[in-house]
Amino acid sequence: MSAAPAEALPHAAATTPSAPQRAPDRPRGRLGDRLFEGVTTALAIVVLLVPSAMLIELVGASRKAIGAFGASFLTSSTWDPVHGSFGALPFLWGTVVSSLLALALAVPVSIGVAIFLAELAPHRARGPLSFLVELLAAIPSVVYGFWGVFVLVPLLREHVEPWLAAHLGFLPLFQGPPLGFGMLAAGVVLAIMIVPTVSSIVREVLRAVPAAQREAAAGLGATPWDTIRFAVLPSARSGIVGAILLGLGRALGETMAVTMVIGNRPKVSVSLLDPATSMASVLANEFAEADSDLYLSALSEIALLLFGVALILNLLARWLVGATKGRVGSPA
Amino acid sequence: MKPVREDLLAAGPAERRRHARSLFFTALCAISAAIVLVPLGSILLYVVERGASGLSWTFFTALPKPVGETGGGMGNAVAGSLVLIGLACLFGLPVGVLAGVYLAEVGRGRLAAAIRFTADVLAGVPSITIGVFVYALVVVSMRRFSAIAGGLALALVMIPTVTRTTEELLRLVPPNLREAALGLGVPAWRTTVFVVLRTAAPGIATGVMLAVARVAGETAPLLFTAMSSRYWAAGLDRPIASLPVQILTYATSPYADWQAQAWTGALCLVAIVLVLNLAARAVAARSLGARR
């Protein structure tokens, strides 16, 4: 029940590289075996090299922009390809705000769905229901964008945004004309897209909590909700945080759906009703048309930033999810 | 045995409150599940309602008409998508599956841990940056957008999923199968290929189907690798049309006829993804059933 065995294993494997039980399996020296090992190792090393190659290639491609603008690339909000002046702030802003908005909308719902599917739903309904939720993850991004343009954007423009402006218009968040296309639309589409990611990981984490904990709580007379609240969720906390970070990572990198509904205006604005843009969107819109080296290099630097942020988030998230599952999931 | 005191068992106000709260939160969770199904239903409904009328033989066989003329189809995009998926499998499957075999059967120690780690890293890389990478790597050196570049970008999207699925499934194969084969004097590599891989094949097929389903709908990595084309594929070293990119172009166009075709294209794409997902589930269910 403790972390000790999980930690001891990799340690043991590291100190005795040829584990004793494997040695007799693998008589060395047979040509076929050596060939097979060689080929699989070589292909596995290809996988090892790809992200490093990506990093090197992206750094190389953005060297010109890094040299020309330095740190001001991150703080300037002029994006003027004609005069060769580039600042990425509007794109960073759009990516961060739309992703955080998506998280704010998606996280409560995803956790609710996960709890429902893992703990509360009738057993026979769980399979089909979770298939439907996972289907949301399978729908292609461009279809989300298309649906967003023709269904969500008109809905926001005609009903939601006028209402928000009328009732919450005193907040700077909800000022401006209701255009439909904008930060809000991007946030909502992203929220729909990350719900399956977050909820399926939360569900996995909840499943890893030993049944004995639930039984103990129920035996003390806890109601189903009290059991979840006091016996299940506390053990799953860091795994849930990891799931949220993975959802954030997915939202940051999402391209097509966001590009189609965000409005693509490179300006920093506090209002969620205003059109905005994002790092992935500017790549999708402008990369193929970039006509100068500096322009292409500035876009590559945005790709590099996106790569870096996604990388850090994913590693942190995987570590948190892995730690939770390892800790609570050891045989009870 | 003491007599049960009924008054102690009866629900007091505090307990009634607890039960009410439990019901309230259960309802909240059920409602969030219902909320999630609304957009799914809406998307499927719109795609079918607006796309079904455009389904015809010409949609799958004809080339797009020039701007201003109505009619035509997405034949080249459907064919292009098949070519790109084929190339992605050609580049991605050997690497993905065999890297998975390496992780499960051959590798150990630091190298294996590092490879597992990078496969996870690769899975988290936004697909648009994969497009930028392949542009810098292939398109710049070939000086041309090409089907090969598009296939490579899709392969990079698919490799991490396939690798990790393969590894996980190979680890599920019972060790006594492996031991039996080795005990009969079968060389280790033949054991791995003909016993272990063979046993895990249905599961790996499931993983591959899901990876193909994901890749079939990817647009972002194709934008500046495969680009797009209004004609039939002229060669693997030329730009090539694909269903997602064609849907994007038509969906964001101002022409009603193009938008209608985009809905039909979206219907096809969703149908492909749905069928692949259902097939994957069926294969997984059957192989699980067989194992029991």
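The values are calculated or read from the model by the stated rules, or taken from the named source; none is laboratory data. Given the structure is predicted, the values throughout are model-derived calculations rather than measurements. All Cβ positions, glycine included, derive from the backbone under ideal geometry; neighbour counts span all protein chains shown.
Matching residues to (1) within 25 Å of the chain's Cα centre (by Cα); (2) more than 8 Å from every other protein chain (Cβ to nearest Cβ); (3) outside any helix (DSSP H, G or I):
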site: A:Thr95; (1), (2), (3): yes, yes, no
site: A:Ser98; (1), (2), (3): yes, yes, no
site: A:Ala104; (1), (2), (3): yes, yes, no
site: A:Leu117; (1), (2), (3): yes, no, no
site: A:Arg126; (1), (2), (3): yes, yes, no
site: A:Trp147; (1), (2), (3): yes, no, no
site: A:Phe150; (1), (2), (3): no, no, no
site: A:Trp163; (1), (2), (3): no, yes, no
site: A:Gly176; (1), (2), (3): no, yes, yes
- Task: Among the candidates A:Pro196, A:Pro172, single out the residue that is within 28 Å of A:Asn264 (Cβ to Cβ), touching a residue at least 60 places away in the same chain (Cβ under 8 Å) and surrounded by fewer than 20 Cβ atoms within 10 Å (Cβ to Cβ).
- Result: A:Pro172
- Message: Taking the conditions exactly as written (within 24 Å of A:Gly249 (Cα to Cα), in contact (Cβ under 8 Å) with a residue 12 or more places away in the chain, hydroxyl-bearing (Ser, Thr, Tyr) and in the same structural domain as B:Thr225 (by TED's automatic domain parsing)), does B:Thr163 satisfy them or not?
- Response: yes
- Any chance region A:77-85 includes a residue that's in a helix (DSSP H, G or I) and either away from every other protein chain (no Cβ under 12 Å) or crowded, with 22+ Cβ neighbours inside 10 Å (or both)? no
- Going by the structure shown, is B:Gly100 small (Gly, Ala, Ser), touching a residue at least 12 places away in the same chain (Cβ under 8 Å) and over 22 Å from B:Cys268 (Cβ atoms)? yes
- All but one of (1) within 14 Å of chain B (Cβ to nearest Cβ); (2) part of a helix (DSSP H, G or I) hold for A:Phe181, so report the exception by its number. (2)
- Matching entry among B:Val121, B:Val78 (being within 11 Å of chain A (Cβ to nearest Cβ), of a type in the set (Val, Ile, Thr), surrounded by fewer than 24 Cβ atoms within 10 Å (Cβ to Cβ) and within 19 Å of the chain's Cα centre (by Cα)): B:Val121
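Determine which member of the set A:Ala288, A:Ala251, A:Ala280 is without any contact (Cβ under 8 Å) to a residue 60 or more places away in the chain, hydrophobic (A, V, I, L, M, F, W, C) and in contact with a Leu (Cβ under 7 Å, 6 or more places away or on another chain).
A:Ala288
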- Item | Options A:Ala217, A:Ala236, A:Ala211: the member that is within 30 Å of B:Ala14 (Cα to Cα), surrounded by 18 or more Cβ atoms within 10 Å (Cβ to Cβ) and either more than 14 Å from every other protein chain (Cβ to nearest Cβ) or modelled with pLDDT under 90 (or both) | A:Ala236
- Filter region B:140-178 for residues that are of a type in the set (A, V, I, L, M) and over 18 Å from B:Val125 (Cβ atoms) and give the result. B:Val140, B:Met142, B:Ala147, B:Ile148, B:Leu169, B:Leu170, B:Leu172, B:Val173, B:Leu177
- Message: Being at the interface with another protein chain (Cβ under 7 Å from one of its Cβ atoms) and either at pLDDT 95 or above or part of a helix (DSSP H, G or I) (or both) is true for just one of B:Leu111, B:Leu137, B:Leu154. Which residue is that?
- Response: B:Leu137
- Can you spot a residue in region B:256-275 that is part of a loop (DSSP other than H, G, I, E, B) and not small (Gly, Ala, Ser)? no
- Item | Selection from region A:94-118 of residues that are buried (at least 21 other Cβ atoms within 10 Å of the Cβ) and not aliphatic (A, V, I, L, M) | A:Gly94, A:Thr95, A:Ser98, A:Ser99, A:Ser110, A:Gly112, A:Phe116
- Task: Among residues belonging to region B:87-96 that are surrounded by fewer than 24 Cβ atoms within 10 Å (Cβ to Cβ) and among the hydrophobic types (A, V, I, L, M, F, W, C), point out the one that is nearest to the other protein chains (Cβ to nearest Cβ).
- Result: B:Val95
- Message: Name the single residue that is nearest to B:Leu152 (Cα to Cα) among those in region B:227-241 being away from chain A (no Cβ under 14 Å) and in contact with a Leu (Cβ under 9 Å, 6 or more places away or on another chain).
- Response: B:Leu236
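Name the residue, out of B:Gly68, B:Gly51, that is in a loop (DSSP other than H, G, I, E, B), more than 30 Å from A:Val50 (Cα to Cα) and of a type in the set (Gly, Ala, Ser). It would help to see each step written out before you state the result.
Values: B:Gly51 fails: in a loop (DSSP other than H, G, I, E, B).
Going through B:Gly68, B:Gly51 in turn, just one is in a loop (DSSP other than H, G, I, E, B), more than 30 Å from A:Val50 (Cα to Cα) and of a type in the set (Gly, Ala, Ser): B:Gly68.
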- Item | B:Ser228, sole failed condition from (1) buried (at least 23 other Cβ atoms within 10 Å of the Cβ); (2) not in a helix (DSSP H, G or I) | (1)
- Among the residues of region B:237-261, write down those that are surrounded by 21 or more Cβ atoms within 10 Å (Cβ to Cβ) and out of contact with any Phe, Trp or Tyr (no Cβ under 7 Å at 6 or more places or on another chain). B:Ile240, B:Ala241, B:Ser242, B:Leu243, B:Pro244, B:Val245, B:Gln246, B:Leu248
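Among the candidates B:Ala213, B:Ala234, which residue alone is surrounded by 17 or more Cβ atoms within 10 Å (Cβ to Cβ) and either within 18 Å of B:Tyr102 (Cβ to Cβ) or assigned by TED's automatic domain parsing to the domain that holds B:Thr118 (or both)? Reasoning before the result, please.
Details: B:Ala234 fails: surrounded by 17 or more Cβ atoms within 10 Å (Cβ to Cβ).
Just a single option satisfies the conditions, and that option is B:Ala213.
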